[in-house]
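What follows draws every value from the coordinates through simple rules; no lab data is involved. Everything numeric in this text was worked out from a predicted model, so none of it was measured. We place every Cβ from the backbone using ideal geometry, glycine too, and count neighbours over all the protein chains shown.
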Amino acid sequence: MEKRKGLQVLLKPASSACNLRCRYCFYTDEAQKRGTADFGKMPEPVWRAVVEKALAAADDCTFAFQGGEPTLAGLPFYRAFTAYVQAKKAPSQRVFYTLQTNGTLLNGEWLSFFKAHDFYVGVSLDGPRGLHDRMRPDREGRGSFSAAFAAMRQLQAERIPFAVLCVLTEENARRIGSVYRFFCEKGFLAQQYLPCMPPLGEAGGLSEKTYGECLCELFDLWFADFQRGLAPHIRQFDDYLSILRGGEPEACAMYGCCLMQNVIEADGSVYPCDFYALDDFYMGNILETDFTALLQPALNGAGPFFAQAQRRGAACPQCPYYALCRGGCRRDCAGEGEAARNRYCNAYQTFFEYALPRLAFAAQRL
């Protein structure tokens, strides 16, 4: 049987616009470093070109919507988009939708739409109210916890699949036990924990020491629940388990090589990665090219981004844990030549030394 060809496209339908002012937003920082920070709402000719060219390039297409805050594009945008997909796709083609949101603008109409079109939703929540509100205020400085939490309760009630996306800062990483228990008690059992990124090319973000300690404590909690048959799905741990079982991870940071992510800004500009949506890495405009051509630099190791697609820490190949870590995300790597290293290298080594026997045990039990 011939293998089905898949394609993932990450769209920015509202560009970098957002109704919150999160204190760590990497995309706000990125956008401000471009010649054009905000491209406005994606116009119809652009999203039609995305749909047509994606369906022409693959059997299975995943359309992922992010921002900024993607719901600012408005529900009519999504209704028109999905209707056009349905009209254009072949009967044999499969289409999947995901959307990452702060949750504050969701209501019954949005949820009915998500349910009708089988959307998988990621909602940002940084833990209980106090921790979340300090990091994720709105434009007036008010906390966004109440609205985000209410949206997650609605998603639960409607049985719409979703994950909680938790950005780890120094504050909530040091309280990871409280954060984890809060999510589990509320029934938020698909969890992603993402280290806070500093502005591009700058120091800061989550410290290596705190991240290592956080991973170890989080794993202790998860493993205790695993032994009771009650463990939630933590994407990072699930990826490690998949690798140990001979499978592939979901997170691109665990591939050891940068892949083409097909990030499409509202004006049609295409970038290779959400973390590198910058003028220096512009790859063309979807109105003027197609996905087959966009994939060529990645395949050939060409251009300013893919010429360094495998750039990771210099010591990675000699590390006993490289088969699991695979160097981490390129965005976390700093330095050149032999000095190059992932800013979380020691954190990952600490974690694997601490958790690997139990990870291997869990992988055997699955």
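If you place +1 on the Cβ of every Lys and Arg, -1 on the Cβ of every Asp and Glu, and leave all else neutral, what size is the dipole of the chain about its Cα centre, to the nearest 20 Debye? Can you show the working numbers first?
Working: 40 positive and 40 negative charges, 142 e Å.
Using only the charged Cβ atoms, the result is roughly 680 debye.
Please list, in order along the stretch 98-103, the HN-Hα scalar couplings obtained from phi with the Karplus expression 6.51 cos²θ - 1.76 cosθ + 1.60 (θ = phi - 60°), rounded to whole Hz, x for Gly and Pro.
Those phi angles translate into 9, 8, 10, 9, 7, x Hz.
Per the Debye formula with a single identical scatterer at each Cα and no solvent contribution, what log10 I(q)/I(0) holds for the chain at q = 0.09 Å⁻¹?
Ignoring solvent entirely, the Cα scatterers give -0.52.
Quick one: 3J(HN,Hα) in Hz for the stretch 253-266, Karplus 6.51/-1.76/1.60 with θ = phi - 60°, rounded, Gly and Pro as x.
Along the stretch 253-266, the couplings run 5, 9, 8, x, 7, 6, 10, 6, 9, 6, 7, 10, 6, 4 Hz.
Under 22 Å between alpha carbons, and skipping anything fewer than 8 positions from residue 33 in its own chain: which lysines qualify?
12, 41
For residue 107 and residue 52 in one chain, what is 0.36 nm times their gap in residues minus the Cα-Cα distance, to one decimal in nm? Before the final figure, lay out the partial values.
On the way: separation 55, 0.36 × 55 = 19.80 nm, distance 2.98 nm.
Here the segment from residue 107 to residue 52 would lengthen by 16.8 nm.
With both partners inside the stretch 46-177, how many of the DSSP beta bridges are antiparallel, as a percent to the nearest 5?
On the way: 1 of 16 bridges.
About 5 percent, rounded to the nearest 5.
Check cross-link reach from residue 5 to the lysines: straight Cα distance under 16 Å, and skip same-chain residues fewer than eight apart.
53, 89
State, to one decimal in nm, how far the label point of residue 171 lies from the label point of residue 2, with both points 7 Å from Cα in the Cβ direction.
A separation of 5.5 nm, rounded to one decimal place.
Counting only the backbone N, which residues of the stretch 68-109 are under 17 Å from the spot 7 Å out from the Cα of residue 140 toward its beta-carbon?
Only 104-105 fall inside the zone, counting backbone N under 17 Å.
Sum -39500 (n - 2.57) across every DSSP H segment of at least 4 residues in the chain, then divide by the residue count to get the 222 nm mean residue ellipticity, nearest 500. If you can, show how the numbers build up before the last one.
Working: 14 runs with 147 residues, N = 366.
Taken over the chain, the calculation gives -12000 deg cm²/dmol.
In the chain, what % of DSSP beta bridges are antiparallel (nearest 5)? Spell out each step's value before the answer.
On the way: 7 of 37 bridges.
The antiparallel proportion sits near 20 percent.
Could you sort the peptides 24-33, 189-198, 290-299 by per-residue average Cβ neighbour count (10 Å cutoff), highest mean leading? Could the numbers behind the result be given before it?
On the way: 24-33: 18.1, 189-198: 19.8, 290-299: 15.4.
Packing proxy ranking, top to bottom: 189-198, 24-33, 290-299.
Roughly how many nanometres apart are two label points built 7 Å out from the Cα toward the Cβ at residue 323 and residue 209?
Placing both labels 7 Å beyond Cα along the Cβ direction yields 3.3 nm.
Gain in length, residue 181 to residue 353, computed as 0.36 nm per residue apart minus the alpha-carbon separation, to one decimal in nm?
Taking residue 181 through residue 353 to full extension adds about 59.5 nm, to one decimal.
For the stretch 223-363, state the average projected area of the convex hull of the C-alpha atoms over all orientations, rounded to one decimal in nm².
Details: hull surface 41.1 nm².
Reported value for the Cα convex hull: 10.3 nm².
Given the Cα-Cα distance of residue 230 and residue 116 and 0.36 nm per residue of separation, how much length would full extension add, in nm?
38.1 nm
Based on the mean of other beta carbon atoms within 10 Å per residue, what is the order of 136-143, 322-329, most packed first?
Listed from highest to lowest mean packing, they are 322-329, 136-143.
DSSP loop GluC sites (Glu not before Pro) in the stretch 315-366 with at most 13 other Cβ atoms within 10 Å of their Cβ, which ones?
336
If you take all C-alpha pairs in the stretch 97-255, what percent of them are over 25 Å apart?
Working: 4249 of 12561 pairs.
Everything past 25 Å amounts to 34 percent.
If Lys and Arg each add +1 and Asp and Glu each add -1, what is the summed charge of the other residues whose beta carbon sits under 11 Å from the beta carbon of residue 350? Don't jump to the answer; show the numbers that get you there.
Working: positive: 209; negative: 208, 213, 353.
Local net charge: -2.
Using R₀ = 30 Å, calculate the FRET efficiency as 1/(1 + (r/R₀)^6) where r is the Cβ-Cβ separation of residue 23 and residue 280; round to 0.05. Could the numbers behind the result be given before it?
Details: r = 26 Å, r/R0 = 0.87.
It comes out at approximately 0.70.
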